[in-house]
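Just so it is clear, none of the values below were taken in a lab; they were calculated from the coordinates. Computed from a prediction, not measured in an experiment: that's the story for all the values here. Don't worry about glycine lacking a Cβ; one is built from the backbone with ideal geometry, like all the others, and counts go over all protein chains shown.
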Amino acid sequence: MTQAAFDEYKAALLSQLEEKPKKLVDEFTQYSTKVADRTFEFDRKQRAIDCMKNEIDFATFRDFALKVNLRDCPSSCVEVYSS
């Protein structure tokens, strides 16, 4: 992956994360899941946004990809979780 491709994916992910719920049911689902699984992490989405903006850069992602050997994976899904 190139720097330009990473920047494009990161911008798209941030845009998706920062999008406000379009319907009340969407917002309800987002929060009811936190209650149902008893995590009560209502700020998780905002923490993920902050982490993507402030902590994740191309070098960090590249080091992670090499560490977990993503070259052998035809596709991967990574969830950013900031503590």
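The table for this structure:
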{"quantity": "Student exercise, region 3-72 dipole from Lys, Arg, Asp, Glu Cβ charges, in Debye to nearest 20", "calculated": "180 debye"}
{"quantity": "Chymotrypsin sites (Phe, Trp or Tyr not before Pro) lying in DSSP loop within region 1-53, provided at most 10 other Cβ fall within 10 Å", "calculated": "Phe40"}
{"quantity": "GNM flexibility winner over the chain from Asp43, Asp72, Asp26 (Cα, springs under 10 Å)", "calculated": "Asp72"}
{"quantity": "Fewest-first ranking of Lys53, Lys22, using other Cβ atoms within 10 Å as the exposure measure", "calculated": "Lys22, Lys53"}
{"quantity": "Ranking of Met1, Met52 by count of other Cβ atoms within 10 Å, fewest first", "calculated": "Met1, Met52"}
